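FYI, it's all coordinate maths here, none of it is from the lab. None of the values given here were measured: they were computed from a predicted structure. In this analysis, Cβ positions are derived from the backbone assuming ideal geometry, glycine residues included, and neighbour counts consider all displayed protein chains.
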Amino acid sequence: MGAGLWGMGIGVGISLAVYTGILLGANGSRVVWNSALLGPLFLVSGLSGAAAFLLLFRSSAEDEKRLLRFDVAAILAELVLLALLLIGYGSSGLGGKFAAAQFLGGPWSAPFWGLIIVGGLLVPLVLESSELKGKVHASKIVPVLVLIGGFALRYVMVYAGQPTSIVQIAGF
């Protein structure tokens with residue numbers, strides 16, 4: 001019974017993490033949301049957030065190392081997906097360039113780069129990597145930063161996409 005419930009919980013968690021990205025990505029009228037990368041991005045971000053949440057309740061050194069390795073891999077995957085998302089925006093038409101501008105000098109640049117990229121991904125990546133190498137013992141602030149970054153990613157993507165409809169870009 002316990003293993004079945006555990007497996008069902010994993011399935012529900014993955015579905016919950018990815019469905020928002022798929023739902024937004026299927027909305028072709030909003031150029032920031034119109035990307036097949038949102039589902040995988042939200043999934044990887046959700047998995048990183050789950051690992052970070054578990055790191056708040058460290059149980060053993062072995063579990064901690066395993067969670068740290070997993071979170072480092074998830075953060076790296078999230079950075080790659082975000083880079084691909086921006087490249088995809090920039091290499092598409094007028095709508096994509098408008099979407100990229102939201103994060104590259106536009107109104108969502110500061111939260112995107114400050115909260116998500118630096119605070120939620122790069123700082124935790126450096127601190128968790130250093131902890132895995134035995135150079136520093138990261139405090140509980142690192143998982144909190146990952147969780148804040150994951151929330152900020154969802155918030156920024158949802159709100160940055162709202163004023164980017166094709167009608168608004170075309171000036172109608």
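Charging the Cβ of each Asp and Glu at -1 and of each Lys and Arg at +1, and nothing else, the dipole of the chain about its Cα centre rounds to 140 debye.
GNM on the chain, alpha-carbon springs under 10 angstrom: the most fluctuating residue among S59, S129, S29 is S59. Please give the calculated 222 nm ellipticity per residue for the chain, where each DSSP H segment of at least 4 residues contributes -39500 (n - 2.57) and the sum is spread over every residue; nearest 500 deg cm²/dmol? That comes out to -23000 deg cm²/dmol. Shape analysis of the chain based on the Cα gyration tensor places the equivalent ellipsoid semi-axes at 32, 19, 11 Å, largest first. Specify which residue in the list A99, L127, F112 is farthest towards the positive end of the charge dipole of region 2-170, using unit charges on the beta carbon of Lys, Arg (+1) and Asp, Glu (-1), about the Cα centre. Selected residue: A99.
For K135, the aspartates and glutamates whose Cα falls under 20 Å of its own Cα, not counting residues fewer than eight places away in the same chain, are E62, D63, E64, D71.
Among L37, L16, L121, determine the one that fluctuates most according to a GNM of the chain built with springs between C-alpha atoms less than 10 Å apart. Answer for the Gaussian network model of the chain: L16.
One way to sum up the overall shape of region 64-156 is the equivalent ellipsoid from its Cα gyration tensor, whose semi-axes run 29, 13, 9 Å, largest first.
When the Gaussian network model of the chain links Cα atoms closer than 10 Å, the mean-square fluctuations of G93, G21, G119 top out at G93. The alpha carbon centroids of region 86-104 and region 127-156 are separated by 28 Å. Hydrophobic, long helices, defined as DSSP H runs whose alpha-carbon span along the helix axis is 27 Å or greater and whose mean Kyte-Doolittle value is at least -1.0, occur in the chain at 2-25, 61-90, 141-161.
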